[in-house]
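One structure below.
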Amino acid sequence: MLGAEHETPSAGSGFWYAPVRHPATARILDLMREVREAKQRRQASTQDSMGLGGKDLQALRYLIQEQSSDRLMRQKDLAHHLGLSTAAISALIDRLVGAGHLRRISHPEDRRSVALEVAGATVEKVRDSLGETHAGMLRAVEGLTPSEQGVVSAFLSDILRALDARRTD
């Protein structure tokens, strides 16, 4: 629920990159920034409560998602997804295995290969920590009419294109 401070944005909203001509524009940009910051706080809280480091939660969330779809990931798959080097992904996996969050198992389709499996207790901890947040986000989206969902989807797609416009891969 938004507080009263969001009802009327101030004229000097602090956007350094361009003048904002309309209060509604400033309000949307302010809310986008607050959503990003709230997401970062939520993730940091989950990381702290589980004793996880920088990319650890991101790795676990991806592996849980893939595991839920009956896909087993290898070390190289996780490295590619996270954009990490071989050495960095090895250290991350060693840390998660050592903490009991991950297991290395024989890949059922290629016995010479090792797959990664998230421990059941870790799946539950991540779901307990982030589940209500995701459920609230789902309720917010489902509360929109199909037309509103289309507008929001188009808007977010445009924002993503703007964010990725200068990206170099």
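Rule-based calculations on the coordinates, nothing more; no lab input. Model, not experiment: these values are computed from the prediction. Neighbour counts are summed over all protein chains in view; Cβ atoms, including those assigned to glycine, are modelled from backbone coordinates with ideal geometry.
Any idea what angle helix 120-142 forms with the longest principal axis of the chain, computed on alpha-carbon atoms, 0 to 90 degrees, nearest 10?
The angle comes out at about 30 degrees.
Could you tell me which residue out of Gln67, Ala87, Gln47 lies farthest along the dipole of the range 31-169 toward its positive end? Charges go on the beta carbon: Lys and Arg +1, Asp and Glu -1, centred on the Cα centre.
Ala87
For helix 146-164, report the angle its Cα long axis makes with the longest principal axis of the Cα atoms of the chain; keep it between 0 and 90° and round to the nearest 10°.
Orientation of helix 146-164: about 70 degrees from the principal axis.
To the nearest 20 Debye, how big is the dipole of the chain about its Cα centre, given +1 on the beta carbon of each Lys and Arg and -1 on that of each Asp and Glu?
So the magnitude is around 480 debye.
Please build a GNM for the chain, connecting alpha carbons under 10 Å apart, and tell me which residue among Gln149, Gln47, Gln65 fluctuates the most.
Of Gln149, Gln47, Gln65, the most mobile in the Gaussian network model is Gln149.
Picking from Glu66, Glu132, Glu148, which is most flexible by a Gaussian network model of the chain using Cα springs under 10 Å?
Result: Glu148 has the largest fluctuation of those listed.
Roughly what angle does helix 86-98 make with the longest principal axis of the chain, taking Cα atoms, 0 to 90 degrees, to the nearest 10?
Computed tilt is about 80 degrees.
Within straight cross-link reach of Lys76, meaning Cα distance under 23 Å, which lysines are found once same-chain residues fewer than 8 apart are removed?
Lys55
What value, in deg cm²/dmol to 500, does the helix sum -39500 (n - 2.57) over DSSP H runs of n ≥ 4 give at 222 nm once divided by the residues of the chain?
Taking each H run of at least 4 residues, the total per residue is -20500 deg cm²/dmol.
If I compute Rg and Dmax of the Cα atoms in Å from the structure I just sent, which labelled value in [x] 25.6, 99; [y] 15.8, 46; [z] 20.0, 63 lines up?
Computed from the coordinates, Rg and Dmax of the Cα atoms in Å corresponds to [z].
Only sites in a loop by DSSP and with at most 10 other Cβ atoms within 10 Å count here; which trypsin sites (Lys or Arg not before Pro) in the range 106-169 make the cut?
In loop regions of the range 106-169 (DSSP not H, G, I, E or B), the sparsely surrounded trypsin sites (Lys or Arg not before Pro) are Arg166, Arg167.
Cross-link partners among aspartates and glutamates for Lys125, C-alpha distance below 14 Å, same-chain residues fewer than 8 apart left out?
Cross-link targets: Asp48, Asp56.
Hey, what did the range 82-136 get for relative contact order, percent, Cα under 8 Å, at least 6 apart?
It rounds to 22 percent for the range 82-136.
Among 70-81, 50-61, how do they line up from the highest to the lowest mean number of other beta-carbon atoms within 10 Å?
So the peptides 70-81, 50-61, ranked by packing, come out 50-61, 70-81.
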